[in-house]
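Structure first, then comments.
Read-outs throughout are calculated quantities, based only on the coordinates presented, and are distinct from any laboratory measurement. Please read these numbers as outputs of a predicted model, since none were measured by experiment. Cβ placement follows ideal geometry from the backbone for every residue including glycine, while neighbour counts extend to all protein chains displayed.
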Amino acid sequence: MVAVQSLRDRGLVIFTPLVQSAEHNVIRISRRDIQDRIVNFVSVPTNWTNPSAAYFTLRVVNIQESSLTNYLMSPQVIYLWHTLYDKLKLKYFKMEDCDVALSFAVWVTDGIKIRQENRQLRFRFNSDVDSAEKYSLTQQFFKDLVNSLPRDYASFLKRVLKLVQNGYRPLVEVEVDMQFVKAEEEIQMPDPKEYDSDSECENVNIGHVKDVLEHAYPNGLTVTVMAEALRCNPEEIEDFLVELERQGLIKQVENEWIRVDTTNVIVCVCKTFLLELINKLPTSSVRECPPTIAIITCLFVEKQSVDAIIDDSTTMHRYRSGGDSNIYTLGWIGPHRVVATKLAVIGDSREATTSAGSITTRLLGNFQHIEHVFIVGVGGGVAHYTDAKKHVRLGDVVISSSDPDAYVFAHKYTINRHTEAVDGFVVNKWNPKDNVISQIASEIDDKFNAEWAATAEELTNKLCSALPEFNLSRPKPEADLLTLSIGGGNMVVVPHPNQERSYPVVHVGPVGGMAAYRRPLTDEQGPADAGRDSASQLRDRFAAEYGLKAVDAGFNSVVDAINGSRIDSWALIRGIADYQHGQSRVGRSWQWQIVCLCWRAGCCCNEITNFTATNRSRFYELSLKSDIVFRIMAINLTSNFIRLLCHFRRQDLTNYKVDHDKLFLEAKRSRDHAAVISHYYSVMSAVIEEYFNGNFHFVPPTDPQQTLEEALQLLHMRIGECLKLQAGKKCLDIGCGIGSVMKDLAYTKADLIGITIAANEVEMGNDDFRKSGISNCKILEGDCHKIPLESSTFDAAYAIYSLKYFVDLKPVFLELNRVLKSGGLFVIYDLIKTEKYDKNNREHREIVEGLEYACGMPSLHTRRSYCRNVYFSSEMITEAKICGLELVESINIEQETGYPYHYCFSSSGLFIWLLRHVNMNFFLLSTLISYLISFAELLHILPNGFGEFYKVFLAGTVTKIVDGGLRGILSGAEILVFRKN
């Protein structure tokens, strides 16, 4: 018996050869439990004399970069060889059972001939590890193993040993089965160049020229631009242009060549931007049946495929020399009027971002009844080498879903300054507010997938007839090769975990994109591999970190434009063409699947009607049963009462009003309201976030059916336009609260900095920015009398319902003048007293002073100097002018819309009636809320003091805002624009 002492807490790693031959070798690497680390006993039968097989036990300690042979002979490793009989070897080392297995094929050479070898990894885990974790650990182990795959056996086995030694604690053992493949069983190994999306061509041909023109469509290209794109001389492509023109595929317009849509296209050539958008289209058809669904594509074949499934279609191509062209196809899919367009350029370049965003914005601006947007196109599937359910195959379709984020785009990378390796991603995240599309997609079952496969084949035949120039037939199943880059321009082929599946399926989950990154990465297990495709490695890390189902070429500007246009329902539909980003050369052979995704989009269009109709019928049914139909814009605190109880159950309001009274009196005495305001918002911030959409300011709607959130978003966008916000500009938000206005203005790409006095608002707001993936917004804690920012650094600033908290505006205006650049703009949108306010009128005083007390505010300011026998020394326009801020524009939104600023409250008579009666202590039907509050306080469901808090600080505030507006003594919907002299 031999005793081997364990040297570290990591336990023992046992290296055991199971099969040894010239054609087939099996190695088992297992882990000795850490509890047995003191002594490891190995029994040695005395009659084992056959040297045909052997095994050894070793303790792995600090594997260096020396060869495996030298390492095994080092003094830090104690090993012992024992001879075994073959039958005993097979008895004690069973190889058929494992938890997870995967294999891959590689080419190996002995210097004379090259042969293909199949390597299978069999994993066994602890019994307490669940199935999902087993698949996940195996996936990561495999990626770590083949990252810059070692070329010799010793280094390969050493890599496996190191991985088991340094981590993967739930892993008990892994078997490495290496066997040469017979010549007739060899797997076809792909050419790595087929997975390249680089536009550089060794020999330019007519297909390359056609591809460039299709990519630019609906724009045209000059010969010079095409030559630059193909990196060739202009003379080389002129003959190809002539031939394509002869075939009727392209035409020359002015000095540019443009791809021709051979399916019933109306081409409009214009030289001015203001030419009528929809030329030759009957105006009445657009007005009577405006499209409600928009479909956005990128590739020419995608647009053609979408057009082929649109019934009664009419296509308008508005061409403009030099770029900025648009194409729209209008028609019907099922019961829906739709419009489809194509992007000219996509990607992360400045030109591509600007072009894609502007095309999307114009589309949604020209067709203002759009309710749903589909971004349809190819993408790259995210492979899972072990889990059949998670694995996305070529020909499948991925529909974006907020799980947790619908679209994630990595626009920057964080670099380790010591290793110069990428160690993180800087991302933006987007989610639709209405998830009806993903909800429809998630209801897909196996029966649907089977029907889909049959229908897709029928649709394929239809499209092949309509588009004979494209090969839309499905490639053979063996063409779906799952490859993995191993560095040096080499690849390995991995069998699919769901190899038996022969039909496409629909997946629902996050979709992502990445900005280009070309710097080679440093391998932690070895030296930098210059031949490694760093983009592929980053893509795998990015997809794993954010749980992506598919990766595309980068549609962040499109999604951002959709959000900026306030479209609540949208989704990306990605047909999987490769395992990169959908744009590789090998992906072209899988364009057939665009047929499937187009059909899926059509199904979603049809389903939306049934889905939304069902929801609407339920809503109207409930409304009729209650005989009460509230106006859409009303904020109904009554309906949210249970949620309000749950929130305030965590608050201590026993002394809230007492503390508020003391702080308010001290503020009146000292003329410093910072403490009482901070006390007020310590509780109200959460209420504002939950029940007022994060904005405790108000705006008239443009129509009665508009929600408060929609109206506020339009207000914020208008303020952004007044301030001329755009990328590269810096803007300051005075009294930003939790940053809801900043969040609405983030689409401008301006750098937005908010200042608030409440520490909890800083934490809440910045946390929300992080969760939303917004990188250009930040909230700081500070006093606006002493703004903690450098002078002359901001292009713009705004104060929305925040100046009412300052006793004296002059110090604030002076600070704004200091931080603004010369010519900088400043917008005020606030609650103010009007000329109708009479200090001698008791009712006026009760309304205004009651509101000031509830919110902890000083006396409200006025727009003008005199208000019915009262002079206000701190009025806005005069003080601003004294401080170097000149009024340049005044916009009264109440006069524009015809609705009052308090419409969100006063539009519901029942809501106001309930609030007034609660506030007046009536004990009739309307006292239900008061009764519930008192009962909850008695049972300690709510803290003592909540009833008084509700009456004074919630219901009392709302009723005074409405009463002040109804009597004309308060105004809260005027935009004042100032410029720094």
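Across region 701-800, C-alpha contacts under 8 Å between residues 6 or more apart give a mean separation that, scaled by the residue count, equals a relative contact order of 31 percent. Near I787: Cβ cut-off under 9 Å, other residues only, Lys/Arg at +1 and Asp/Glu at -1. The net charge is 0.
The simple spin-label model puts a point 7 Å past each Cα toward its Cβ; for D672 and E896 those points are separated by 4.0 nm. Please find the FRET efficiency linking N981 to K433, where r is the Cβ-Cβ separation and R0 is fixed at 45 Å, and quote it to the nearest 0.05. Efficiency for this residue pair is about 0.60.
Estimated from the Cβ-Cβ distance and a Förster radius of 25 angstrom, the FRET efficiency linking W107 and A22 is about 0.90.
Over 20 Å apart at the Cα level, from the set K743/K810; K729/K980; K778/K881; K881/K980; K804/K881; K303/K412, are K743/K810; K778/K881; K303/K412.
So, R0 is 51 Å and r is the distance between the beta-carbons of V225 and Q368; what FRET efficiency does that work out to, to 0.05? The computed FRET efficiency comes out at 0.90. Taking the Cβ of Q726 as the centre, find all other residues whose Cβ is under 12 Å away and add up their charges (Lys, Arg: +1; Asp, Glu: -1). Summing Lys and Arg as +1 and Asp and Glu as -1 gives +1. Label zone (T878, point 7 Å along Cα-to-C-beta; backbone nitrogen cut-off 13 Å) within region 956-981: none.
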